[in-house]
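The values are calculated or read from the model by the stated rules, or taken from the named source; none is laboratory data. Worth saying up front: this structure is predicted, and the values here are computed from it rather than measured. Quick reminder, even Gly has a Cβ in these numbers, built from the backbone with ideal geometry, and neighbours come from all protein chains shown. Note: accessible area is taken over every heavy atom of the protein model, side chains too, but ligands, DNA and RNA are not part of it. Shrake-Rupley method; radii C 1.70, N 1.55, O 1.52, S 1.80 Å.
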Amino acid sequence: MDEQLFFKKLNSLCTSKEIFYFLSSLEIMSDTMASGALQRISDVEVDDNGLKNPGLLENEVFRALCFQFEFEASKLSNTGLLNALQALIKLRIDPQSTLMASLLSESKERLGKGHLTADSLCVLGESLLELEGPSCATLEQIVNHMQEKGIERWSPREIVMVYKILQVIVREGKQCQKLLNRLNSVTLRTVSQLSPNFVNVILNSLVVLCQTQAVPLVTALCKHSAKHVPFFTDHELVNVLEAFLYFGQKVQVFTQALETHVPKSILTMDPQTVSKIMQYCCKKMILSEPIFDTVAEGFIANADKLTTDQIAAYIIPFGTLNYLPPSASSLFRKLETLLHNHLRDFQPHTLLHLLHSCVLIKRYPINFLPKIFSPYFLQKLQAQPPGLNGVVMSQLTQLFLTVTLECPFYEGPKLHSKYQVKAFPMPHSSPDVHLFKRVKTGLLYLLKKRIYFASEVSTPYFYVVDVEIKLDEEGFVLPAAQLEEVHRRIALCVDGQNRFCANSHNLLGEEAIKQRHLQLLGYEVVQIPFFETESLQTTRKMAGYLQRKIFPCTYELSN
């Protein structure tokens with residue numbers, strides 16, 4: 001049969017039974033046709049879980065094909081030899097079998113003699129990478145032969161294969177940064193041609209190979225990946241998001257692509273992929289309402305299928321980014337049911353982080369706090385990494401302060417003082433240096449003397465106040481050091497961009513709860529957000545703004 005007609009017919013068949021019937025009707029086949037048949041069998045019979053029907057390996061036609069390749073390896077064309085090797089590896093044929101040994105030996109012999117074309121080198125490299133414990137020497141040989149062709153002329157497929165090989169070589173302790181630098185430069189010029197799978201493989205390789213200096217390539221790949229979001233598999237999308245996190249990338253068009261993709265795919269998307277998307281949004285402070293609203297709906301529908309880590313990954317970002325979706329009541333009702341049924345299944349630190357994130361958005365886990373504050377649970381926290389570090393103790397303290405201030409009806413166990421911190425070391429709570437300086441300059445202009453306000457004041461309630469102003473009963477400003485006759489305390493919260501979600505005026509959860517608690521502790525909280533002060537170019541304008549914010553009932557500054 002004519003080869004073109006053969007492959008057209010072969011590719012229309014969808015089961016190994018159909019393929020075997022077709023092959024048995026032919027009197028003669030070239031090795032290219034026979035290897036193509038093995039590849040088609042591997043395509044239809046192998047999925048993510050392996051070989052669908054192991055019995056096919058005993059089929060007479062299959063065994064006849066294998067016999068031809070085992071005993072006539074030296075007579076095969078490069079295409080027939082290497083395509084057969086690739087297909088048999090995919091079919092999980094034992095690498096120690098005489099069939100595989102014969103094909104591997106012949107392939108390595110031709111490699112050593114330099115008889116393989118660039119395309120054949122690619123197929124051999126891909127095949128060896130699929131095998132357990134590939135020989136580093138053989139892989140290096142493949143790369144060396146490919147370099148003879150000229151790295152600048154490599155196709156995207158060849159580039160991807162070399163990145164994979166370099167991961168193995170580097171893992172075995174070999175240095176190849178010079179080659180990597182050249183490869184990164186060449187890859188940068190081909191980014192626009194890369195398929196979703198190639199983008200995923202290269203980004204993953206750059207992470208494994210610690211290529212943090214390849215900023216232009218990483219940036220270009222991350223931007224290019226936005227157009228592929230609908231076409232990534234779940235596994236590929238997880239890899240891409242991990243690369244974004246590793247390299248500190250945040251690309252607006254990529255987020256927009258996720259906002260379009262997630263609502264369409266949430267019901268079929270793997271929970272681990274959803275978890276990684278939420279982790280990405282959380283780490284990058286991206287409050288995307290389309291994503292968060294969809295994930296909330298997905299949680300309500302499918303939460304019973306989630307692991308405890310996935311439950312936490314879905315919910316924690318809502319607290320961190322201080323956002324309640326439209327379905328909040330159903331969302332937290334579902335969460336409470338899950339906690340009642342699976343509380344003992346949660347790892348201690350995961351459970352604490354989850355419950356702490358809830359109180360950030362005024363969802364109070366009253367029924368579960370007796371467990372959290374129990375000596376047994378605290379001992380478990382201490383025994384498991386990271387133990388009772390500053391962050392963990394801050395979360396415990398803030399939970400305790402929350403129920404004290406916001407849930408006066410709570411009568412369960414209290415948190416022992418030895419587990420409480422003296423101040424909350426929140427990663428985003430430090431004021432923006434430039435804005436803070438402008439505010440202090442404006443206050444000095446307004447109040448005339450520096451003694452009338454204090455900055456970065458530690459309180460007995462674990463929080464640090466950016467600026468504190470004290471007033472007497474008649475509303476006159478008192479020196480900051482005065483302790484008597486203080487009738488009102490004003491807390492200025494100088495909120496730079498670091499206290500808000502990215503590109504948003506939405507306060508982060510840790511800052512929202514701080515301002516909420518300061519009010520409950522008796523402070524008059526005055527928020528000075530960055531977006532209200534950006535247009536105030538002079539000290540006088542800043543002072544006028546501060547007067548309107550702090551003393552709204554007094555006269556404006558005179559000219």
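Can you pull out every residue in region 444-467 that is in contact (Cβ under 8 Å) with a residue 40 or more places away in the chain and either part of a helix (DSSP H, G or I) or under 14 Å from Phe551 (Cα atoms) (or both)?
Residues satisfying the conditions are Tyr445, Leu446.
Restricting attention to region 71-84, which residues are open to solvent by less than 60 Å² (accessible area, probe 1.4 Å), modelled with pLDDT of 90 or more and either under 11 Å from Leu99 (Cβ atoms) or not in a loop (DSSP other than H, G, I, E, B) (or both)?
Asn78, Gly80, Leu81, Leu82, Asn83, Ala84
With the condition kept exactly as written, say whether any residue in region 278-296 is over 27 Å from Gln384 (Cβ atoms) and of a type in the set (Ser, Thr, Tyr).
For region 278-296, residues over 27 Å from Gln384 (Cβ atoms) and of a type in the set (Ser, Thr, Tyr): present.
Here is a check on your reading of the model: is Leu26 assigned by the TED database to the domain that holds Leu85 and in contact with a Ser or Thr (Cβ under 6 Å, 6 or more places away or on another chain)? Write out each step before concluding.
Details: assigned by the TED database to the domain that holds Leu85: yes; in contact with a Ser or Thr (Cβ under 6 Å, 6 or more places away or on another chain): no.
Answer is no for this residue.
Could you check region 1-41 and list, in sequence order, the residues that are open to solvent by less than 90 Å² (accessible area, probe 1.4 Å) and free of Cβ contacts under 8 Å to residues at least 12 places away in the same chain?
Hits for region 1-41 are Ser12, Glu18, Ser25.
Please state which one of Val251, Val229, Val238, Val201 is under 21 Å from Ile159 (Cα atoms) and among the β-branched types (Val, Ile, Thr).
Working: Val251 fails: under 21 Å from Ile159 (Cα atoms); Val229 fails: under 21 Å from Ile159 (Cα atoms); Val238 fails: under 21 Å from Ile159 (Cα atoms).
Going through Val251, Val229, Val238, Val201 in turn, just one is under 21 Å from Ile159 (Cα atoms) and among the β-branched types (Val, Ile, Thr): Val201.
Conditions first: (1) modelled with pLDDT under 90; (2) more than 32 Å from the chain's Cα centre (by Cα). Val162 passes all but one, so which condition is the exception?
(2)
May I ask you to list the residues in region 225-246 that are over 11 Å from the mean Cα position of the chain (by Cα) and not basic (Lys, Arg)? Give the steps one after another, and end with the answer.
Residues of region 225-246 over 11 Å from the mean Cα position of the chain (by Cα): 225-236.
Selection gives Ser225, Ala226, His228, Val229, Pro230, Phe231, Phe232, Thr233, Asp234, His235, Glu236.
With the structure loaded, tell me whether Leu10 is among the aliphatic types (A, V, I, L, M) and in contact with a Lys or Arg (Cβ under 8 Å, 6 or more places away or on another chain) or whether it fails that test.
Details: among the aliphatic types (A, V, I, L, M): yes; in contact with a Lys or Arg (Cβ under 8 Å, 6 or more places away or on another chain): yes.
Yes: the conditions hold for Leu10.
Looking at the structure I just gave you, is Arg92 assigned to a helix (DSSP H, G or I), among the basic types (Lys, Arg) and closer than 25 Å to Leu129 by Cα? Before the answer, list the steps.
On the way: assigned to a helix (DSSP H, G or I): no; among the basic types (Lys, Arg): yes; closer than 25 Å to Leu129 by Cα: yes.
So Arg92 fails the test.
Considering (1) surrounded by fewer than 19 Cβ atoms within 10 Å (Cβ to Cβ); (2) under 28 Å from Gly50 (Cα atoms); (3) β-branched (Val, Ile, Thr), say which one Ile151 fails and leave the rest.
Among (1) surrounded by fewer than 19 Cβ atoms within 10 Å (Cβ to Cβ); (2) under 28 Å from Gly50 (Cα atoms); (3) β-branched (Val, Ile, Thr), Ile151 violates only (2).
Would you mind stating whether Thr337 is assigned to a helix (DSSP H, G or I), outside the structural domain of Arg516 (by the TED database), buried (at least 19 other Cβ atoms within 10 Å of the Cβ) and not aromatic (Phe, Trp, Tyr)? Before the answer, list the steps.
Working: assigned to a helix (DSSP H, G or I): yes; outside the structural domain of Arg516 (by the TED database): yes; buried (at least 19 other Cβ atoms within 10 Å of the Cβ): no; not aromatic (Phe, Trp, Tyr): yes.
It is false that Thr337 is assigned to a helix (DSSP H, G or I), outside the structural domain of Arg516 (by the TED database), buried (at least 19 other Cβ atoms within 10 Å of the Cβ) and not aromatic (Phe, Trp, Tyr).
Among the residues of region 441-469, how many are of a type in the set (Ser, Thr, Tyr) and under 30 Å from Ser417 (Cα atoms)? Please lay out each step first, then the result.
Going through region 441-469, the residues of a type in the set (Ser, Thr, Tyr) turn out to be 441, 445, 452, 455, 458-459, 461, 463.
Still in the list and also under 30 Å from Ser417 (Cα atoms): 455, 458-459, 461, 463.
So the answer is 5.
Yes or no, residue by residue, for (1) closer than 22 Å to Met278 by Cβ; (2) without any contact (Cβ under 8 Å) to a residue 12 or more places away in the chain; (3) not charged (D, E, K, R):
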{"site": "Leu179", "(1), (2), (3)": "no, no, yes"}
{"site": "Arg189", "(1), (2), (3)": "no, yes, no"}
{"site": "Leu194", "(1), (2), (3)": "no, no, yes"}
{"site": "Phe231", "(1), (2), (3)": "yes, no, yes"}
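Residues to consider are Gly50, Gly55; find the one that is at pLDDT below 90 and open to solvent by 20 Å² or more (accessible area, probe 1.4 Å).
Gly55
When you go through (1) in contact with a helix residue (DSSP H, G or I) (Cβ under 9 Å, 6 or more places away or on another chain); (2) surrounded by fewer than 18 Cβ atoms within 10 Å (Cβ to Cβ); (3) farther than 24 Å from Thr255 by Cα one by one for Asn184, which number turns out not to apply?
Evaluating Asn184 over (1) in contact with a helix residue (DSSP H, G or I) (Cβ under 9 Å, 6 or more places away or on another chain); (2) surrounded by fewer than 18 Cβ atoms within 10 Å (Cβ to Cβ); (3) farther than 24 Å from Thr255 by Cα leaves (2) as the failure.
Exactly one condition in (1) open to solvent by 30 Å² or more (accessible area, probe 1.4 Å); (2) outside any helix (DSSP H, G or I); (3) in contact with a helix residue (DSSP H, G or I) (Cβ under 9 Å, 6 or more places away or on another chain); (4) over 30 Å from Leu396 (Cα atoms) is not met by Thr441; state its number.
That leaves (2) as the condition not met.
Pairs only if they're at least six apart or on different chains, beta carbon under 6 angstrom, first in region 528-543 and free of Cβ contacts under 8 Å to residues at least 60 places away in the same chain, second of a type in the set (Asp, Glu); list them, first residue then second.
Close Cβ pairs satisfying both conditions: Pro529/Asp495.
A quick yes/no check of all residues on (1) open to solvent by 30 Å² or more (accessible area, probe 1.4 Å); (2) out of contact with any helix residue (DSSP H, G or I) (no Cβ under 9 Å at 6 or more places or on another chain); (3) hydrophobic (A, V, I, L, M, F, W, C):
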position	(1), (2), (3)
Asn389	yes, yes, no
Leu405	yes, no, yes
Pro413	yes, no, no
Lys418	yes, yes, no
Leu435	no, no, yes
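Just need a number here: residues in region 496-525 that are of a type outside the set (S, T, N, Q), free of Cβ contacts under 8 Å to residues at least 40 places away in the same chain and under 21 Å from Leu443 (Cα atoms).
Number satisfying all stated conditions: 2.
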